[in-house]
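Here the structure is laid out as structure tokens; the discussion comes afterwards.
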Amino acid sequence: MQEGERYWRRSHSYKKFGLDSIAQVNLKTRIHRNQPLSALSKMSFGIMQSLYKKLERYGKMYLSSEVNKKYNQIHHINDDYLISPVELEERERPPIRKLKEYTLTHK
């Protein structure tokens with residue numbers, strides 16, 4: 001399952017069943033085979049940007065200011081940590097089922 005599909009399912013669950021239908025699990029240490037934690041962290045930052053915007057659009061959350069676009073990438077170098085701010089704005093994509101190319105091949 002791709003990250004975009006996971007996001008869509010969470011968003012759909014929220015709309016259909018409410019906030020109580022979404023849970024967070026503490027996995028403690030998770031080793032990801034395909035991508036480093038820094039890349040996953042950046043993706044989750046973008047997902048949260050989209051989620052906040054969507055919650056506001058549905059009237060479920062009020063944003064007193066624009067969603068933060070500054071992502072602080074943390075680098076661990078030797079025994080020290082370095083923070084490098086990166087401007088990051090997530091572009092919300094339409095659900096895959098609304099894409100013409102998808103509907104032509106998945107009827």
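Among the residues of region 68-92, how many are out of contact with any Gly (no Cβ under 9 Å at 6 or more places or on another chain), assigned to a loop (DSSP other than H, G, I, E, B) and surrounded by 10 or more Cβ atoms within 10 Å (Cβ to Cβ)?
We begin by selecting, within region 68-92, every residue out of contact with any Gly (no Cβ under 9 Å at 6 or more places or on another chain); these are 68-70, 72-87, 92.
Subsequent filtering for residues that are assigned to a loop (DSSP other than H, G, I, E, B) retains 68-69, 78-79, 92.
Within this subset, residues satisfying the condition of being surrounded by 10 or more Cβ atoms within 10 Å (Cβ to Cβ) are 68-69, 92.
Looking only at that region, the number is 3.
Would you check if Ser65 is surrounded by fewer than 10 Cβ atoms within 10 Å (Cβ to Cβ) and part of a strand (DSSP E or B)?
Details: surrounded by fewer than 10 Cβ atoms within 10 Å (Cβ to Cβ): yes; part of a strand (DSSP E or B): no.
No; evaluated as a whole, the condition is false for this residue.
Considering only residues of region 58-78 that are in contact with a helix residue (DSSP H, G or I) (Cβ under 6 Å, 6 or more places away or on another chain) and more than 19 Å from Gly18 (Cβ to Cβ), which is modelled with the highest pLDDT? So that I can check it myself, show each step before the final result.
Pass one, region 58-78, residues in contact with a helix residue (DSSP H, G or I) (Cβ under 6 Å, 6 or more places away or on another chain): 61, 63, 67, 71.
Right, trim to more than 19 Å from Gly18 (Cβ to Cβ) and you get 63, 67, 71.
On the way: Leu63: 81, Val67: 78, Tyr71: 87.
Here the residue is Tyr71.
Within region 1-57, being surrounded by 10 or more Cβ atoms within 10 Å (Cβ to Cβ), of a type in the set (D, E, K, R) and at pLDDT below 80 holds for Glu3, Glu5, Arg6, Arg9, Arg10, Lys15. Test Arg93 against the criterion of being charged (D, E, K, R) and in contact (Cβ under 8 Å) with a residue 60 or more places away in the chain, and give yes or no. Judged against the criteria, Arg93 is a match.
The values are calculated or read from the model by the stated rules, or taken from the named source; none is laboratory data. It should be emphasised that the depicted structure is a prediction, and the values quoted were computed from it without experimental measurement. Heads up, the Cβs are rebuilt from the backbone with ideal geometry, glycines too, and the neighbour counts pull from every protein chain shown.
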